[in-house]
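Some notes on the structure that comes next.
The values are calculated or read from the model by the stated rules, or taken from the named source; none is laboratory data. Everything numeric in this text was worked out from a predicted model, so none of it was measured.
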Amino acid sequence: MSTKDCNQEEMVLLASYQQFEDAKNLIDFLADNGITAYMRNEFSNRMMGSLVDVGGYRVEISNHDEEEALRVLDENHISLPNDLDSDIGKIASLADRLPFFRNKPLEYRLWAMLGLLIVFLGLLALILYLLSSGIN
């Protein structure tokens with residue numbers, strides 16, 4: 001096994017929440033049971049959550065811990081939200097289906113969208129310039 005394989009475990013989405021406290025409670029519960037979980041999109045949601053739905057607070061764990069986490073949650077009668085029932089889950093699911101966004105962090109998605117917007121505005125400015133030049 002290479003160093004890259006050891007240092008970069010594949011992360012899987014366990015749950016998405018609209019509220020920070022719900023995601024934090026799940027992470028704390030898992031930690032109490034010896035399972036390390038991470039919150040993705042925490043800062044993006046805090047900065048832009050009131051303006052744009054950026055996918056919610058996503059609780060992720062290593063794919064090696066997924067079976068154990070689900071077992072612990074089931075033993076304690078803790079159910080996870082159904083992603084497809086929430087707006088967050090629908091948007092995150094849609095973004096995950098796009099081939100160039102699949103498995104990319106939110107920051108990458110935002111920069112890519114900004115780049116596409118800049119290119120679009122540049123093309124629009126060029127078209128308007130060419131149209132106005134042709135009219136004179």
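Got at least one residue in segment 25-39 being under 11 Å from the mean Cα position of the chain (by Cα) and modelled with pLDDT under 90? Yes. Do we find that GLU60 is outside any loop (DSSP other than H, G, I, E, B), of a type in the set (Asp, Glu), within 18 Å of ASP22 (Cα to Cα) and modelled with pLDDT of 85 or more in this structure? So GLU60 passes the test.
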